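Taking it in order: structure first as structure tokens, then the write-up.
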Amino acid sequence: MPRPANPETRSRLLEKGGDLVSTRGFNATGVQEITAAAGVPKGSFYNYFDSKEAFAVAVLTEYWEAVVAEFGAILNQGQTPPLSRITRYFAGLAEFHERRRYAVGCLIGNMALEVTPTSEDVRIKLAAIYREWSAALASCLREAQENGELSAGKDPGQLAVALIDTFEGAVMRAKVERSRAPFDSFERFVLPSLLT
């Protein structure tokens, strides 16, 4: 089906609908609510997305691109030691959640829990995001090994996955407790134990 040439409408649907999905959950957010929030007729939704599932994939893409745009450069600041970059990276992500008052959590983690049991397309998108996230961290960790900051006996790929998994756990706990305490624990206990 041909797509209309109105990128502003699509962007509005993604922005407003993404906000709703972040705060209410994917399954609790209907197409009518998404279009109402974006100020477009309900039928317009399907001019931009083949299904609500396709919308979920697009929302995840937008969310991940925003995270990379805001925080990704931290991992590539060559003048800063690699392990300091990783610490700053996770501190930045924690501050992002703090600005949102811990109420929303991480859309990636939220969608992984809520939608992957029923949507293969969303699961595939999330797997790609986790691979990209892991690769970015692993690259920085390899650099730390080359500089002698990180033990040569540690596997950068596995360590990157462990960092993401424990951080995502801290995000979920912060959402439940509406508190920074899980991020403080991550910074005080997890980072030092994994990065030494």
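The values are calculated or read from the model by the stated rules, or taken from the named source; none is laboratory data. Because the structure is predicted, anything quoted here is derived from the model rather than measured. For neighbour counting, all protein chains shown are included, and Cβ atoms are generated from backbone atoms with ideal geometry for every residue, glycine included.
Suppose the filter is under 14 Å from the mean Cα position of the chain (by Cα), of a type in the set (Lys, Arg) and either in a loop (DSSP other than H, G, I, E, B) or surrounded by fewer than 19 Cβ atoms within 10 Å (Cβ to Cβ) (or both); does Arg131 pass it?
yes
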Out of (1) assigned to a helix (DSSP H, G or I); (2) assigned by TED's automatic domain parsing to the domain that holds Thr118, the one Ala37 does not meet is (2)
The lone condition Leu113 fails out of (1) of a type in the set (A, V, I, L, M); (2) crowded, with 17+ Cβ neighbours inside 10 Å; (3) under 15 Å from the mean Cα position of the chain (by Cα) is (2)
Residue pairs qualifying under the 6 Å Cβ cut-off, at least six apart or on distinct chains, with the first in the range 7-26 being under 16 Å from Trp64 (Cα atoms) and the second being at pLDDT 95 or above and hydroxyl-bearing (Ser, Thr, Tyr), are Val21/Thr29
Going through the range 171-193 in order, the residues found to be touching a residue at least 40 places away in the same chain (Cβ under 8 Å) and either among the small types (Gly, Ala, Ser) or part of a helix (DSSP H, G or I) (or both) are Val171, Met172, Ala174, Lys175, Glu177, Ser179, Phe183, Phe186, Glu187, Leu191
Counting only residues in the range 70-102 that are outside any helix (DSSP H, G or I) and of a type in the set (Ser, Thr, Tyr), the one surrounded by the most Cβ atoms within 10 Å (Cβ to Cβ) is identified as Tyr102
TODO: Report whether or not Glu149 is surrounded by fewer than 17 Cβ atoms within 10 Å (Cβ to Cβ), modelled with pLDDT of 95 or more and not in a helix (DSSP H, G or I).
DONE: yes
Given (1) in contact with a Ser or Thr (Cβ under 9 Å, 6 or more places away or on another chain); (2) in a helix (DSSP H, G or I); (3) of a type in the set (Gly, Ala, Ser), Gly105 misses just (2)
